[in-house]
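Below is one structure, written out as structure tokens, with a few remarks after it.
The values are calculated or read from the model by the stated rules, or taken from the named source; none is laboratory data. What you see is a predicted model, and the numbers here were worked out from it, not measured in a lab. Note that each Cβ is placed from the backbone with ideal geometry, even for glycine, and that neighbours are counted across all protein chains shown. Calculation scope for accessible area: heavy atoms of the full protein, side chains included, ligands and nucleic acids excluded. Shrake-Rupley method; radii C 1.70, N 1.55, O 1.52, S 1.80 Å.
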Amino acid sequence: MSALKNRATSSLLKSETKSLQRFLSLYILLVMMVISTLGVLYYQAHKELMLSAQRAELVKYAYIQTKRLKVLHHFFDDQRTYPRDPRFRSAIYDIEYKEIFSLLKNRSVDFTQEIYLKDGVIHFVKSMDIFYLGAKYLILEIEDDGAWHKHLIKKILGYGTAAFFLFLFFGYFLAKLFVKPMRDSIMLLDRFIKDTTHELNTPLSAILANIEMMDTDVMVEKNRKKLNRINIAAKTVSILYQDLTYLTLEQERENENEKIDIAELLYDRIEYFKVLVESKALDYEMDINHAEIVMDRRKLTRVIDNLLSNAIKYNKRKGIVGIRLREGSLEIWDTGVGIPEEKRAFIFDRYRRFNESEGGFGIGLSIVKRILDEYGIRIEVFSEKDKGTRMVLKW
Amino acid sequence: MVKKLFMLLALSIGVFAENAYERNCVPCHRELPTDLQGMFKNYLLVYSGEETVKAALRHYMRYPSKHISVMSDLFIDTYGIKETLQISDQELKEAIDLYWEKYKVFGKLN
């Protein structure tokens, strides 16, 4: 049971990974947005704080400078020297924003703000009540060393990354919570299949053995047909049974690799499916050369059985099942309904069928894929709607 | 006849040699204790910019009034409100422009 649980939890479905990825990228994007917004707000708040600290000083300077301007106004034209102060630079502008006199390093002044930081200097714009020398605006400028800025950026980056990882950690649990219902239902199905598989073995063997043993020669034509149908049904169930057993029990078994004559195995399986092929009036188009592979026989059988049974199951009546074997490649194709483009990426997912109208648990192809992956065999799927599907294995 | 013409010529040269400001404003203001520069600075104190100052001056020369005067009440009470200036708009504009150029602060500070 625990082995089963491990298997279910360790293998994420492709669709599951996809939705997880979507969720995570959305989540990360959101978190980054929130953190950067907070960072910007924090930065602005601190900048405001710094400026208001400077403002107190600048208001004092402005008062002093205004007094000096007043004196200069009264003694103007005899006195023409603009008052200077080592603690700040200043400028005066008239009501039409024309510069009357300026000692500023940064000449671009924003009259809409009282205090602001720009290009490394802080500007304080004082609107005067009495226009000494015609000056409506007195602008004070002081140097900003940027120390607060560096300190703040460091702080924001530090806390930001910390918060990011915290959220990431949180998101991981959230994601786990997110996929849990999906995983739970898969595990439930797994358990159910395992339990039922056991019970199927004995009756199925009995049916198949007894059909083989029946003497068809002495039968009436009508009964022989009925027996044939029973045979087909039993074999279909048998394939399913083998898949299930493989999935639940044999998968954990050690591989017994051997050199296999693929052509021989193919003929054997074709013979096995004979009744199914005949019932749909299908034709084989065989182009089989000699080829060998080192593999576990039971696993290769599962691959061939599933590909063949799909080619038969999804074929139309009087269609063709094609088999082409070469050294290093095996193709199995049909003239069936085809797989819609949008579903092609998911056909190897467990419990998914690309055509809902046909039976099957949809585990066949997922088994095929897993076995092929194990042996490093590539599989390519070519499909055209209403024309058919071609599966190509290459090793 | 020729003598008269010469006199007219000499007179007109004498008159036109001075500019609109010196012709229209300076003579009358010579009598006043506050000079034209002081009055100009008072205008700066209240109106600040070039266009604003000039517009206010133009207005005051046409419609002098105690309520909008930039001079102190004491000054007005002593010397009274000036008479409306009877010169052409063109002449007044020229006079004010020259007045501004003479006393403006722009380019004089160092």
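For a test of the definition: using alpha carbon positions, the gyration tensor, and the 1.5 limit on a/c, classify the stretch B:20-103 as rounded, prolate or oblate. It comes out rounded by the Cα gyration axes.
Rolling a 1.4 Å probe over the protein chains gives A:ARG183 an accessible area of about 50 Å².
Residue order by solvent-accessible surface for B:TYR103, A:TYR159 is A:TYR159, B:TYR103, largest first, with ligands and nucleic acids left out and a 1.4 Å probe. The alpha carbon centroids of the stretch A:148-195 and the stretch A:30-78 are separated by 44 Å. Within the set A:LYS226/A:LYS385; A:LYS70/B:LYS82; A:LYS70/A:LYS126; A:LYS60/A:LYS155, which residue pairs have Cα atoms separated by over 25 Å? Exceeds cut-off: A:LYS226/A:LYS385; A:LYS70/B:LYS82; A:LYS60/A:LYS155.
The overall shape of the protein assembly as shown, judged from the alpha-carbon gyration tensor, is prolate: a/c is not under 1.5, and a/b is greater than b/c.
Think of the protein assembly as shown as having a plus end and a minus end, set by charges on the Cβ of Lys, Arg, Asp and Glu; of A:PRO181, A:LEU133, B:LEU74, B:LEU74 sits farthest toward the positive end of this dipole.
Per residue of A:128-134, other chain Cβ atoms within 10 Å of the residue Cβ number 6 on average. For chain A, a Gaussian network of Cα nodes joined below 10 Å ranks A:SER90, A:SER108, A:SER52 by mean-square fluctuation, and the top entry is A:SER108.
What's the extension gain from A:TYR42 to A:LYS155 if we count 0.36 nm per residue and subtract their Cα-Cα distance?
On the way: separation 113, 0.36 × 113 = 40.68 nm, distance 1.02 nm.
Gain on extension, A:TYR42 to A:LYS155, equals 39.7 nm.
Solvent-accessible surface (1.4 Å probe) assigned to A:TRP333 amounts to roughly 50 Å². Cα centroid separation, the stretch A:218-297 to the stretch A:105-127: 87 Å. Taken along the Cα-to-beta-carbon direction at a fixed 7 Å, the label points for A:LYS280 and B:ASP73 span 11.4 nm. The aspartates and glutamates within cross-link reach of B:LYS66, meaning a Cα-to-Cα straight distance under 19 Å and a gap of 8 or more places when in the same chain, are B:ASP35, B:ASP77, B:GLU83.
Going by accessible area, probe 1.4 Å, with all protein chains left in place, what is the ranking of B:LYS108, A:LYS313, largest first? Before the final figure, lay out the partial values.
Numbers: B:LYS108 35, A:LYS313 60 Å².
Solvent-accessible surface, decreasing: A:LYS313, B:LYS108.
Say the cut-off is 32 Å between C-alpha atoms; which of A:LYS105/B:LYS93; A:LYS316/A:LYS369; A:LYS47/A:LYS105 go over it? Result: A:LYS105/B:LYS93 exceed 32 Å.
Heavy atoms of the protein chains alone define the surface here; on that basis chain A has 57 Å² accessible area per residue at 1.4 Å probe size.
Rolling a 1.4 Å probe across all protein chains gives A:ARG344 an accessible area of roughly 60 Å². Spacing of the modelled spin labels on A:ASP195 and A:LYS385, each 7 Å from Cα toward Cβ, amounts to 4.1 nm. Sorting B:VAL53, A:VAL40, A:VAL337 by accessible area puts them as A:VAL40, A:VAL337, B:VAL53; the probe is 1.4 Å, largest comes first, and only protein heavy atoms count.
Relative to the longest principal axis of the Cα atoms of chain A, the long axis of helix A:262-272 makes an angle of roughly 70 degrees. Against the main long axis of the alpha-carbon atoms of chain A, helix A:14-75 sits at an angle near 0°.
Given contacts defined as C-alpha pairs under 8 Å and at least six residues apart, what's the relative contact order of chain A, whole-number percent? Before the final figure, lay out each step's value.
Details: 461 pairs, mean separation 45.1, N = 395.
Here the relative contact order equals 11 percent.
Between A:LYS343 and A:SER25, the modelled label-to-label distance comes to 2.5 nm, taking each label 7 Å out from Cα in the direction of the beta carbon.
A Cβ-based charge dipole, computed about the Cα centre of the protein assembly as shown with Lys and Arg at +1 and Asp and Glu at -1, lands at about 660 debye. Take the accessible area of chain B alone and of chain A alone, subtract that of the pair, and you get about 1800 Å² summed over both chains, using a 1.4 Å probe. Counting only other chain Cβ atoms within 10 Å of each residue's Cβ, the peptide B:38-50 averages 5.
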